[in-house]
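The values are calculated or read from the model by the stated rules, or taken from the named source; none is laboratory data. All of these numbers come straight from a predicted model, not from anything done at the bench. As a convention, Cβ positions derive from the backbone with ideal geometry for all residues, glycine included, and neighbour counts pool all protein chains shown.
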Amino acid sequence: MNPYAIFVDHVRGAVAALVRDGELARMPDLSRIAVEPPREASHGDLATNAALVLAKETGIKPRVLAEKIAAKLARVAHVTKTEVAGPGFINIAVEPAFWREVLEAALAEGEDFGRTDLGKGEKVNVEYVSTNPTGPLHVGHGRGAVFGDALANLLVHAGYAVTREYYVNDAGAQVDALARSVFLRYCEALGERVGAIPEGLYPGDYLVPVGKELTDRHGRALVDKPEAEWLPIVRAAAIDAMMAAIRADLAALAIRHEVFFSERSLSAGPADQVAATIEVLRKAGHVYEGRLPPPKGQVPEDWEDREQTLFRSTAFGDDVDRPLKKSDGSYTYFAADIAYHRSKIERGFRNMIDVWGADHGGYIKRVQAAVAALSGGKASLDVKIIQLVRLFRGGEPVKMSKRAGEFVTLREVVDEVGPDPVRFMMLFRKNDAVLDFDLAKVIEQSRENPVFYVQYAHARGCSVFRNAAEAFPGRALDAKALDAARLDRLSDHGEIALMKQIGVWPRLVEGAALTHEPHRVAFYLHELAGEFHSQWNRGKDMPHLRFIIGDDPEITLARLALVRGVVGVLASGLKILGVRAVEEMR
């Protein structure tokens, strides 16, 4: 049950009634009508923008149209008052009985409350992490990993068929540098002196065991081979080792991918998919041989005024056409990325979401242009940029990792504070804003720590049931008993407020899924937890509002039903975020 969707239907019905009554000449487009909580609780329970979005099409001034719609809505069941506000918003007040029906639905639907068929089984590809396999994940990668995983969970909850994908960047100069770095560690494991790791290679100690593994497998056989022979062997071993480490780091956060797609597979072997993609675009008129003007401002020293193979990305909203081949004839990274996204389209994905790091913002338009060209505009690509994470401990910046040599690894952070604080706090800020992550504060047991605050609300709700079982030994407190509870006994404004907040959940799921914003779930859970803690505290000050009233089993059962509704939504939301819904705080 989605109370806001119910009232969208009521508003549309009111407009249809105006058409039937001759007050509107014809039925306008109703798709932009929204119903949401009002900005101020004193304004009512619900608000709609109907008059504002329909005014132009109907030719009626917004406030005049709002009065007409409000008059029709006043006759709807449970509506106690309608009021026109501002330029034409309609505020709606409803009976408490409506919110009790929402609670009844939440109890009846259980884990399915808030689920929706919004996606109607549509296939969605969510690609996230996709970091170069040249070292362990750092805490910034962890933010993208958590975001992508939570987004995938959210989309599944909203009825989409989601594939979680990792694009393995196992081609190009960076993996050759990795292989040369590992070869030095291999020589070192054989007892040779290698000295300082040269500039441009990877100095981290995490490559030492990879070198040792090569000695166990090959002995000294690689030492005397020319680089052209040992490089592919070492490169493959290094990539396998790094991907195994990356998978293990992700597993520590309960993050998994169904597909690991190799960049090297695009151009390796007899079927060069990059070349095939370029030819497909060329035949469609989107690739040509030409020259690019020099960059605006200062011209880089390495800029070449030469004829090259270009993708006509300006035809799809990009700022400049983009090169597909380098001066040595090899493919640009962009050419491989086009072929990769073509593979997604060929696998049946028309809805694609890529989760990228903060340094890739300038790359978005060209890849979206490529997707538009390849699909004839039938596929969409939404790119979510994940901003940086600044790591602190007690307000002081955290120093670099000894293991990685250049950054703090994700695994170090997870091992120190646990997966729940990492996952929740990575989502408790919008993805495109820089995140300050304090290792000390995220494990504090205080209301200032959001993850504790939300988990404690769930645990507190579970404790209410344990206490109720002690207060009413032998009395049934299961789902069947709660279904029979007298919810009309719930009349306190704090109880009504909790039921209203429960009613927001289905709308929240749909909105967050449509906008690809899982942080909305974290924000909502924090608000719901706040309402619940507030009602608990009111009961401490006013004993008649406590959840358990020893001499009144009827009101106790009704309040237990309310607590069950809160606990159920908290558990559902935490599951989307990948955070445990604990029953006790230790």
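Remarks
- Answer from Q535, Q501 - the residue that is within 26 Å of the chain's Cα centre (by Cα) and either closer than 25 Å to G114 by Cα or hydroxyl-bearing (S, T, Y) (or both): Q501
- Going through (1) hydrophobic (A, V, I, L, M, F, W, C); (2) under 13 Å from V367 (Cα atoms); (3) without any contact (Cβ under 8 Å) to a residue 60 or more places away in the chain one by one, I338 falls short only on (3).
- The stretch 336-375, subset small (G, A, S) and not in a helix (DSSP H, G or I), residue surrounded by the most Cβ atoms within 10 Å (Cβ to Cβ): G357
- Verdict on A315 being without any contact (Cβ under 8 Å) to a residue 24 or more places away in the chain and either part of a helix (DSSP H, G or I) or in contact with a Leu (Cβ under 6 Å, 6 or more places away or on another chain) (or both): no
- Some residue of the stretch 254-263 being surrounded by fewer than 19 Cβ atoms within 10 Å (Cβ to Cβ) and in a helix (DSSP H, G or I): no
- Candidates are the residues of the stretch 33-70 that are among the charged types (D, E, K, R) and within 32 Å of the chain's Cα centre (by Cα); the one that is surrounded by the most Cβ atoms within 10 Å (Cβ to Cβ) is D45.
- From A241, A284, residue being surrounded by fewer than 21 Cβ atoms within 10 Å (Cβ to Cβ), aliphatic (A, V, I, L, M) and under 31 Å from the mean Cα position of the chain (by Cα): A241
- Per this entry, T58 is not counted among residues that are within 21 Å of V504 (Cβ to Cβ) and not assigned by TED's automatic domain parsing to the domain that holds V504.
- Residue check for A275: of a type in the set (G, A, S), part of a helix (DSSP H, G or I) and buried (at least 20 other Cβ atoms within 10 Å of the Cβ): no
- Scanning the stretch 318-335 for residues that are in contact (Cβ under 8 Å) with a residue 12 or more places away in the chain, more than 21 Å from Y167 (Cβ to Cβ) and surrounded by fewer than 14 Cβ atoms within 10 Å (Cβ to Cβ) gives D319, S327.
- Subset of the stretch 155-174 that is modelled with pLDDT under 95 and buried (at least 17 other Cβ atoms within 10 Å of the Cβ) - its residue that is farthest from V509 (Cα to Cα): A171
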